[in-house]
1. Go through ARG51, ARG34 for me and flag whichever is in a helix (DSSP H, G or I) and modelled with pLDDT of 95 or more.
2. Could you list, ordered by first residue, the pairs with Cβ atoms under 8 Å in which the first is in region 12-36 and free of Cβ contacts under 8 Å to residues at least 24 places away in the same chain and the second is of a type in the set (A, V, I, L, M, F, W, C) and part of a helix (DSSP H, G or I), at least 6 apart or interchain?
3. Can you pull out every residue in region 18-39 that is under 21 Å from ASN6 (Cα atoms), surrounded by 10 or more Cβ atoms within 10 Å (Cβ to Cβ) and among the hydroxyl-bearing types (Ser, Thr, Tyr)?
4. For LEU5, work out the one condition from (1) surrounded by 10 or more Cβ atoms within 10 Å (Cβ to Cβ); (2) modelled with pLDDT under 95; (3) among the hydrophobic types (A, V, I, L, M, F, W, C) it doesn't fulfil.
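The values are calculated or read from the model by the stated rules, or taken from the named source; none is laboratory data. Since the structure is predicted, the reported quantities are computational estimates derived from the model, not experimental observations. Cβ atoms come from the backbone with ideal geometry, glycine included; neighbour counts cover every protein chain shown.
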Amino acid sequence: MMHWLNMGGYWPFVWPSYLITLFALALNIYLARRSLAAAKSEARRRAQTQRSET
């Protein structure tokens, strides 16, 4: 198991790359969900404003 985790001596490059990729994916999901929530909120606000104007 340790041989596999060591990655043939390249572990200082491999494991941080995995961590950076995982962080980037998690950040992308978080930002997309936050953007979607903001867009939904804005759409609701505009729809409510439109209803009150008519």
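1. ARG34
2. Matching pairs, first to second residue: VAL14/MET7; TRP15/MET7.
3. THR21
4. Exception for LEU5: condition (1).
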